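A.B. asks: Encoded as structure tokens, here's the structure I'll be asking about.
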Amino acid sequence: MTIVSDEELVAQCKKELPARTHSYEMLVQRHMDRVYGMAYRIVGNKEEAEEIAQDVFLKAYHGLKTFEQRASFSTWLYRITTNQALDSLEKTRRKRETNVRFFGRAKDKDEAHHEVMEHLRASRESQPETHMLHRELRECIQRVLKSLDREQARLLILRDYDDRSYDEIAQMVQAGLSAVKMRIHRARLAFQQLFNQFCSGFSLSFTAPERDTHEQAETQKE
């Protein structure tokens, strides 16, 4: 069975919309889980993530006619997703308890600072105090994300939330690999600075996953 590419489906959409929506529905089915997952990891709320996903595909539907395909459809779609999720952080505050999750990078030996790298998970304990702390930490992290430069926040989301490789991100943002690594490094430093400013009441320990430790070593060789 031949798999139709995103590019082919987009071309069909440009010809067929709004009279026929079959090709667009195929794009939605193909990318819905990824869009929803990305939104959920940012806002931490199921209903809010579902609304964001709906808004993303509605914007994509109306924007396809003028989409010039300078980047891939998925790159364009995920850019819309991160923008919608970050906008949502600026407009609303979550009203339910959620799991906390964030990744970062460990401290470099030659640096006087360290970058966020711990995988934070909410405890399943039932004490209200525990849930309150996790909610406050999640809201604090969200505040940091929406205070970051939008492009820095997007890079952190792609790398540390969506677990994209440096190579993938370089292709998505159409930049060199070294440039992408440097931008992400700077974004993490900016995140750490804002985290220290906004979240000083939290004491966190950070460890480096094996993958990022290897990549850090490779970067130092370049």
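Please treat every number below as a calculation from the coordinates, not as lab data. Since we're looking at a predicted model, the values are computed, not measured. Note that each Cβ is placed from the backbone with ideal geometry, even for glycine, and that neighbours are counted across all protein chains shown.
A.B. asks: Based on what the data block shows, is Ala170 within 24 Å of Tyr36 (Cα to Cα), out of contact with any Phe, Trp or Tyr (no Cβ under 9 Å at 6 or more places or on another chain) and small (Gly, Ala, Ser)?
C.D. replies: It is true that Ala170 is within 24 Å of Tyr36 (Cα to Cα), out of contact with any Phe, Trp or Tyr (no Cβ under 9 Å at 6 or more places or on another chain) and small (Gly, Ala, Ser).
A.B. asks: Now a separate question. So, in region 41-75, of the ones that are within 13 Å of the chain's Cα centre (by Cα) and not hydrophobic (A, V, I, L, M, F, W, C), which residue ends up surrounded by the most Cβ atoms within 10 Å (Cβ to Cβ)?
C.D. replies: So the residue we want is Gly44.
A.B. asks: If Leu27 passes every condition in (1) among the hydrophobic types (A, V, I, L, M, F, W, C); (2) out of contact with any Asp or Glu (no Cβ under 9 Å at 6 or more places or on another chain); (3) crowded, with 16+ Cβ neighbours inside 10 Å but one, which one does it miss?
C.D. replies: In the conditions (1) among the hydrophobic types (A, V, I, L, M, F, W, C); (2) out of contact with any Asp or Glu (no Cβ under 9 Å at 6 or more places or on another chain); (3) crowded, with 16+ Cβ neighbours inside 10 Å, Leu27 misses (2) alone.
A.B. asks: Another question about this same structure. Report every pair of residues separated by at least 6 positions or lying on different chains whose Cβ atoms are under 7 Å apart, first residue within region 64-93 and more than 30 Å from Glu139 (Cα to Cα), second aromatic (Phe, Trp, Tyr) and buried (at least 19 other Cβ atoms within 10 Å of the Cβ).
C.D. replies: Phe67/Trp76
A.B. asks: Suppose we filter region 76-87 for residues that are farther than 15 Å from Gly37 by Cα and buried (at least 16 other Cβ atoms within 10 Å of the Cβ); how many remain?
C.D. replies: Number of matching residues: 1.
A.B. asks: Could you list, in sequence order, the residues of region 9-24 that are surrounded by 13 or more Cβ atoms within 10 Å (Cβ to Cβ) and not aromatic (Phe, Trp, Tyr)?
C.D. replies: Of everything in region 9-24, those that are surrounded by 13 or more Cβ atoms within 10 Å (Cβ to Cβ) and not aromatic (Phe, Trp, Tyr) turn out to be Leu9, Val10, Ala11, Gln12, Cys13, Lys14, Glu16, Leu17, Thr21, Ser23.
A.B. asks: Ok, one more. Please verify whether Ala11 is within 27 Å of Ser88 (Cβ to Cβ) and small (Gly, Ala, Ser), treating the condition exactly as stated.
C.D. replies: No; evaluated as a whole, the condition is false for this residue.
A.B. asks: Identify all residues within region 153-193 that are outside any helix (DSSP H, G or I) and either touching a helix residue (DSSP H, G or I) at 6+ places or on another chain (Cβ under 6 Å) or farther than 19 Å from Tyr78 by Cα (or both); write none if there are none.
C.D. replies: Asp162, Arg164, Gly176, listed by residue number.
A.B. asks: Okay, moving on. Across region 167-176, which residue is nearest to the chain's Cα centre (by Cα) among those that are crowded, with 17+ Cβ neighbours inside 10 Å and in contact (Cβ under 8 Å) with a residue 12 or more places away in the chain?
C.D. replies: Ile169
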